[in-house]
Amino acid sequence: MPETTAVIEGVETKSGDTNGRAWTKYAVMAGGQFYSTFEKSLVEPAYQLEGKPAVIEFTESGKFKNLVSVKAAENGAVVSEAPKAGDGSYVKATENPRTQRAIAASVALQASVAAYSGSFGFEHTPKQVSEKVRPLAQDLYRFLLQLGGVWDDDVDIPFD
C-alpha cells in the first residue's frame, strides 16, 4: 500500500445529503495533495499533527487518493513538500529535461527574433538575419537552462 511522509497542512470537511442520507467527507491536505475519507476516526490524528510531518498511508482510485491512516513521522523522516506557489517549481519538476530544452530553445528563438524585429528591413537576407539573431538566442537558451538547472555543457549546443 502506498505511503508518503509530508507535513500536514490542514483538514477540510464537506457535508451533504444524498437520497436522504447525510454524509461528511474529510480531506487531509499534506504535501500539496488531498487524501480523503468518510471516516472521521481516520482524520482525527491529522488535527493533532497539523504543521508537523506525518506518515500518510493511502490507496488510489483513479485520480483520487483515499486515506487509510495518518501517524506521526519518526524523527529524521524525509518529508515531501508542496511546490511553492508562483516560483515555477511545479511546472519545472513535471517536465523531463528533453522537453525543458525544447521549450527553452523555442522561447529563446522567439525572444531573439522579437528583440531584433524592428531593426531589419527588406534589404537583409535570411542569412544576415540569422547571423544577428543566433548569438542572442544562444545566450538566452543557455540562461534559461541554467536557470532551470538542466544545462549540460556536453549536450547543450543550441542553434548550430
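Read-outs: derived from the displayed coordinates by stated rules, not from any lab. Here the structure is a predicted model, which means the values were calculated and not measured. Glycine also receives a Cβ, built like all others from the backbone with ideal geometry; neighbour counts cover every protein chain displayed.
Can you list residues whose amide H is under 5 Å from ALA73's amide H, if they're 5+ apart or on another chain and H is modeled 1.01 Å from N?
Placed amide hydrogens put ALA54, VAL55 under 5 Å from ALA73.
Within the set of other residues whose C-beta is less than 14 Å from the C-beta of SER112, count the net charge using Lys and Arg as +1 and Asp and Glu as -1.
On the way: positive: LYS132, ARG134, ARG142; negative: GLU131, ASP139.
It works out to a net charge of +1.
With r defined as the distance between the Cβ atoms of LYS71 and ASN19 and R0 fixed at 41 Å, what FRET efficiency is calculated, to the nearest 0.05?
Working: r = 35 Å, r/R0 = 0.84.
Step by step, r from the Cβ atoms, then E = 0.75.
Would you mind getting me the FRET efficiency between GLU131 and LYS63? Use the beta-carbon distance for r and R0 = 45 Å, nearest 0.05. Let's see the in-between values first.
Working: r = 50 Å, r/R0 = 1.11.
In this case the efficiency is close to 0.35.
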